[in-house]
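In what follows, a single structure is set out as structure tokens and then discussed.
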Amino acid sequence: MKVLLIAGLVLSFAFVLATSQQPSSKYPLKYVGYLYPAGPKDTHGTEVNIELFGDILCPYTKRAYSTLKELISYYRSKKINIQLRIINAVQPFHPRSYYVTSTIAAANFAAQTRTRRIRVDDTAIALSDKFFSTQESYSEKMTNDITPNNLLKQLRFVASNHTCSVGGGGTCLTEVEIEEAYKNERVDAIVKGQIKYGRQNSVHGTPTFAINGLLEPTIESSWTLEQWLKLIDPLIT
């Protein structure tokens with residue numbers, strides 16, 4: 001009896017020791033969100049960092065996202081390094097958004113795993129473009145009769161086709177790769193990490209914006225490129 005007890009204690013200790021040495025999977029592997037332009041994420045020399053807290057199925061986020069990409073292109077053409085960080089702060093009034101967001105995270109993770117470029121978000125940006133452009137297809141009305149599992153299958157199909165057609169950062173992903181990534185606890189940490197980051201910044205609606213780490217409540221989703229330039233130009237040094 002004593003031998004069994006001692007053996008049990010030894011096994012329990014070994015398990016605790018082994019798990020305590022593993023990195024915590026509740027944290028994302030990098031700073032939350034997806035950076036645009038995609039590429040190596042060394043922020044040295046960045047003039048301005050813009051954070052967009054959005055929902056992939058929010059029409060107001062879609063409008064702001066489009067304008068911000070114009071803004072980035074404008075400054076990049078002038079060799080000024082502006083970075084946009086996209087945080088998917090999923091909102092409860094877009095019930096299917098979590099599935100779309102999770103698919104983006106899974107596909108991006110699958111691409112990063114294959115290429116070993118963990119800080120490159122090309123695939124997430126490519127799929128954000130795709131799902132923003134087809135928002136209506138994933139509204140509650142359009143997907144009311146689709147089960148979550150079937151919706152995920154549909155999303156994986158779309159994601160796979162899109163990464164192969166546009167390059168997705170040079171990574172053509174299969175549906176199986178995306179499905180396997182979806183099961184990875186790191187992907188769960190990525191999705192939940194973005195939601196938590198939004199909450200800790202008191203983001204209650206989308207889109208919400210932060211400039212160099214500080215929330216700016218006066219910015220509206222309807223802002224034009226000219227209005228953004230008026231805000232950002234004085235920050236360029």
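Residue 86 fulfils the conditions (1) free of Cβ contacts under 8 Å to residues at least 40 places away in the same chain; (2) under 16 Å from the mean Cα position of the chain (by Cα); (3) within 20 Å of residue 60 (Cα to Cα) except for a single criterion, (1). Output yes when any residue across the stretch 74-82 is in a loop (DSSP other than H, G, I, E, B), within 19 Å of residue 31 (Cβ to Cβ) and without any contact (Cβ under 8 Å) to a residue 40 or more places away in the chain, and no when none is. Within the stretch 74-82 (the criterion being in a loop (DSSP other than H, G, I, E, B), within 19 Å of residue 31 (Cβ to Cβ) and without any contact (Cβ under 8 Å) to a residue 40 or more places away in the chain), the answer is yes, since at least one residue qualifies. Among the residues examined, residue 237 does not qualify as in contact with a Gly (Cβ under 8 Å, 6 or more places away or on another chain) and touching a residue at least 12 places away in the same chain (Cβ under 8 Å).
Conditions (1) closer than 22 Å to residue 116 by Cβ; (2) part of a loop (DSSP other than H, G, I, E, B), marked per residue:
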{"position": "136", "(1), (2)": "no, no"}
{"position": "145", "(1), (2)": "no, yes"}
{"position": "171", "(1), (2)": "yes, yes"}
{"position": "178", "(1), (2)": "yes, no"}
{"position": "206", "(1), (2)": "no, yes"}
{"position": "209", "(1), (2)": "no, no"}
{"position": "217", "(1), (2)": "no, yes"}
{"position": "220", "(1), (2)": "no, yes"}
{"position": "230", "(1), (2)": "no, no"}
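Of note, residue 123 satisfies the criterion of being touching a helix residue (DSSP H, G or I) at 6+ places or on another chain (Cβ under 7 Å), hydroxyl-bearing (Ser, Thr, Tyr) and either in a helix (DSSP H, G or I) or under 16 Å from residue 104 (Cα atoms) (or both).
Only residues that are aliphatic (A, V, I, L, M), over 22 Å from residue 231 (Cβ atoms) and out of contact with any Ser or Thr (no Cβ under 6 Å at 6 or more places or on another chain) were counted across the stretch 44-98, and they come to 0. Taken over the stretch 202-219, residues that are surrounded by 10 or more Cβ atoms within 10 Å (Cβ to Cβ) and closer than 14 Å to residue 50 by Cα amount to 9. Within the stretch 36-90, which residues are of a type in the set (D, E, K, R) and either modelled with pLDDT of 90 or more or crowded, with 18+ Cβ neighbours inside 10 Å (or both)? Correct list: 51, 55, 62, 63, 69, 70, 85. The lone criterion from (1) in a helix (DSSP H, G or I); (2) in contact with a Leu (Cβ under 7 Å, 6 or more places away or on another chain) left unmet by residue 197 is number (2). Residue selection: residue 117 fails the criterion of being modelled with pLDDT of 90 or more, surrounded by fewer than 22 Cβ atoms within 10 Å (Cβ to Cβ) and of a type outside the set (S, T, N, Q).
Which residues, counting only those in the stretch 109-149, are among the basic types (Lys, Arg) and more than 20 Å from residue 88 (Cβ to Cβ)? Once the filter is applied, which keeps residues that are among the basic types (Lys, Arg) and more than 20 Å from residue 88 (Cβ to Cβ), the stretch 109-149 yields 114, 116, 117, 141. From the set of residues in the stretch 211-234 that are touching a residue at least 12 places away in the same chain (Cβ under 8 Å) and among the hydroxyl-bearing types (Ser, Thr, Tyr), which is nearest to residue 65 (Cα to Cα)? Among residues in the stretch 211-234 that are touching a residue at least 12 places away in the same chain (Cβ under 8 Å) and among the hydroxyl-bearing types (Ser, Thr, Tyr), the one nearest to residue 65 (Cα to Cα) is 221.
The values are calculated or read from the model by the stated rules, or taken from the named source; none is laboratory data. Only a predicted model underlies this, so the values are computations on that prediction, with no experimental measurement involved. When we count neighbours, we look across all protein chains shown, and the Cβ atoms used for this are built from the backbone with ideal geometry, even at glycine.
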